[in-house]
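The values are calculated or read from the model by the stated rules, or taken from the named source; none is laboratory data. Because the structure is a prediction, the values reported are computed rather than measured. Methodologically, a virtual Cβ is constructed for each residue, glycine included, from the backbone with ideal geometry; neighbour enumeration extends over all protein chains shown. These accessible areas exclude ligands, DNA and RNA; they are computed on the full protein's heavy atoms, side chains included. Shrake-Rupley method; radii C 1.70, N 1.55, O 1.52, S 1.80 Å.
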Amino acid sequence: MAIQSAEERPAATSSGFVYITIGLLGLVVAVAVFATRPMGPTLAIVVLAFLLALWCLAGLYMLQPNQAALLLLFGNYRGTDRAGGLRWANPFYSKTKISVRAHNFNSEKLKVNDLRGNPIEIAATVVWRVDDTARASFDVENYEAYVLTQAESALRHLALSYAYDNLEDPGSTSKTEVTLRSGTEEVSSALRAELQQRFDQAGLVVVDAKLTHLAYAPEIAGTMLRRQQAEAVIAARTKIVYGAVGMVELALNGLAERGLLQLDDERRAAMVSNLLVVLCSDHDATPVINTGTLYT
């Protein structure tokens, strides 16, 4: 049998200041009449005034800002009161207060596999609040525990849906792929959407959700660090070589335009080789004086 979903509706309540005034007046009347004429027909007036005061005072309750009260009559949901301050409702209603303020949840570091199967560590922070008090109270057993479980499940699913980072190996996905490391906004948006889909059953709203920790698992962190270092070295070398070729071309063109040297193909090749060695070397160049010629 399917579970019937509860829906929040406003409760029939009133301001408590009117009822506290009537209740206090009823107590004053009851005490005054009982003190002056405790016997005879006036006793009925005392009883009625006391019952009226009891009825008015017993239904009073207070709500702070961003706090709601669920009203039940013998287990039957009668509505939710969201108005703050001193309130009054039927004294036979049971009043369960529930906070509708924003809550903050920091998940633990989870060890999961990413889209490519690499073990990673991931954690997130989730800001949420209760939107439908009836669903939060009646559709799930404990909505706070529900948040913890569903947030962990959504975070695991998110990690399985994206790769940690782009790889430049042949056959890997292109650099435009959204990854956990590079696609911060896209990943956060996907996390919020999945959390909201899971939280709808409990009447909760996701205010914000972002990753707070992302790293390779310790067993492969060293290997991945060496790969990143190698990629950085290759990228740096590529820029150095590109710049060196431009400088060599500039030097040769400048010498030719000014007529300082007339170089044949062999001497030009030797100069290009020497310049590239000097410009691309990791160490300072050591000058060597050649007392001969290129051909001896």
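Matching residues to (1) open to solvent by 40 Å² or more (accessible area, probe 1.4 Å); (2) in contact with a Lys or Arg (Cβ under 9 Å, 6 or more places away or on another chain):
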| site | (1), (2) |
| --- | --- |
| THR13 | no, yes |
| THR21 | yes, no |
| LEU27 | yes, no |
| VAL31 | yes, no |
| THR42 | no, no |
| GLN64 | yes, yes |
| LEU70 | no, yes |
| PHE74 | yes, no |
| THR80 | no, yes |
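Scanning the stretch 83-94 for residues being surrounded by fewer than 19 Cβ atoms within 10 Å (Cβ to Cβ) and of a type in the set (D, E, K, R) gives a total of 0.
Taking (1) open to solvent by 60 Å² or more (accessible area, probe 1.4 Å); (2) in contact (Cβ under 8 Å) with a residue 24 or more places away in the chain in turn, GLU141 satisfies each apart from (2).
Please specify each residue of the stretch 44-59 satisfying the condition of being among the aliphatic types (A, V, I, L, M), buried (at least 17 other Cβ atoms within 10 Å of the Cβ) and in contact (Cβ under 8 Å) with a residue 24 or more places away in the chain.
Initial filter on the stretch 44-59 (among the aliphatic types (A, V, I, L, M)): 44-49, 51-54, 57-58.
Next, from what is left, pick out any that are buried (at least 17 other Cβ atoms within 10 Å of the Cβ): 46, 49, 52-53, 57.
Scanning the stretch 44-59 gives LEU52, ALA53, LEU57.
Residue by residue, here is whether (1) over 16 Å from GLN201 (Cα atoms); (2) under 13 Å from the mean Cα position of the chain (by Cα); (3) open to solvent by less than 20 Å² (accessible area, probe 1.4 Å) holds:
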{"site": "ALA102", "(1), (2), (3)": "yes, yes, no"}
{"site": "VAL112", "(1), (2), (3)": "yes, no, yes"}
{"site": "ARG116", "(1), (2), (3)": "yes, no, no"}
{"site": "TRP128", "(1), (2), (3)": "no, yes, yes"}
{"site": "ALA136", "(1), (2), (3)": "no, no, yes"}
{"site": "THR149", "(1), (2), (3)": "no, no, no"}
{"site": "HIS157", "(1), (2), (3)": "yes, no, no"}
{"site": "SER161", "(1), (2), (3)": "yes, no, no"}
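Of the residues making up the stretch 185-204, none is open to solvent by 60 Å² or more (accessible area, probe 1.4 Å), outside any helix (DSSP H, G or I) and aliphatic (A, V, I, L, M).
So which strands (runs of 3 or more DSSP E) are wholly in the stretch 32-117 and hold at least 1 residues that are of a type in the set (Lys, Arg)? Strands (runs of 3 or more DSSP E) meeting the threshold: 76-81, 85-88, 94-99, 110-113.
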